[in-house]
């Protein structure tokens, strides 16, 4: 088979039995449900998934749970779900394994420029504050600077307080936690 991008039924792909990484399948499933399937699996000899085993598991989980077809997945005529796959079967098996190991190692080398990330988050919250909750669900820590100043809250606005919280007659919020009406981020209220 020539290398390239091919479509394969997720039910007919095989997991790589020697995959040594442990992925968060639930988080991957949430990401696919929210943003769609935006990449490609890499498949080697006998349609073994050499890259994307946890993504394949997440796609199968979404399908088994009866959830809607994610964006980026193609529906087949009898209910099959087809995913884009990079065919690496032109490589000898040992090179397929080396590719999978190298891909995992390279992903693990990534570092985060916290300042650049925080700037992106600040920009994002200004444009689409609703997305900050989505990002929080994937373990992204929102910088404190993203949160609006407490003075931006108005008495009678859509602020939501957790049990035990209240707004006193002067409009000062008191209570253990509060939810921002703009970005829905929960934070502790302090005096």
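Classify the range 86-137: rounded, prolate or oblate, from the alpha-carbon gyration tensor (a ≥ b ≥ c, eigenvalue square roots; a/c under 1.5 rounded; otherwise prolate if a/b is larger than b/c)?
Note, shape of the range 86-137 comes out prolate.
If packing is taken as the mean number of other Cβ atoms within 10 Å per residue, what is the order of 111-120, 62-71, highest first?
Values: 111-120: 10.2, 62-71: 13.1.
Descending packing order for the listed peptides: 62-71, 111-120.
At a 10 angstrom cut-off on C-beta neighbours, averaged per residue, how do the peptides 98-109, 40-51 rank from highest to lowest? Mind dumping the intermediate values first?
Values: 98-109: 12.1, 40-51: 20.4.
The peptides rank, most packed first, as 40-51, 98-109.
P(r) for the range 1-65: what percent of alpha-carbon pairs falls in each 5 Å bin, starting at zero?
Each 5 Å bin holds this share of Cα pairs: 3, 17, 30, 25, 17, 6, 2.
For residue 11 and residue 46, calculate 0.36 nm times their separation in residues minus their Cα-Cα distance, and state this gained length in nm to one decimal.
11.3 nm
With N denoting the number of residues in the range 4-108, provide Rg(C-alpha) divided by 2.2 N^0.38 Å, to two decimal places.
In units of the globular-protein estimate, the range 4-108 measures up at 1.03.
Take the Cβ-Cβ distance between residue 104 and residue 124 as r, set R0 to 35 Å, and report the resulting FRET efficiency rounded to the nearest 0.05. Don't jump to the answer; show the numbers that get you there.
Details: r = 29 Å, r/R0 = 0.82.
So the FRET efficiency works out to roughly 0.75.
Could you give the length gained on full extension between residue 95 and residue 135, defined as 0.36 nm per residue of separation minus the Cα-Cα distance, in nm?
10.8 nm
The numbers here are math on the coordinates, done by the rules we state, and not lab data. As the structure is a computational prediction, the values presented were derived from the model and not from experiment. Using ideal geometry, Cβ is built from the backbone for each residue, glycine included, and neighbour counts are taken over all protein chains shown.
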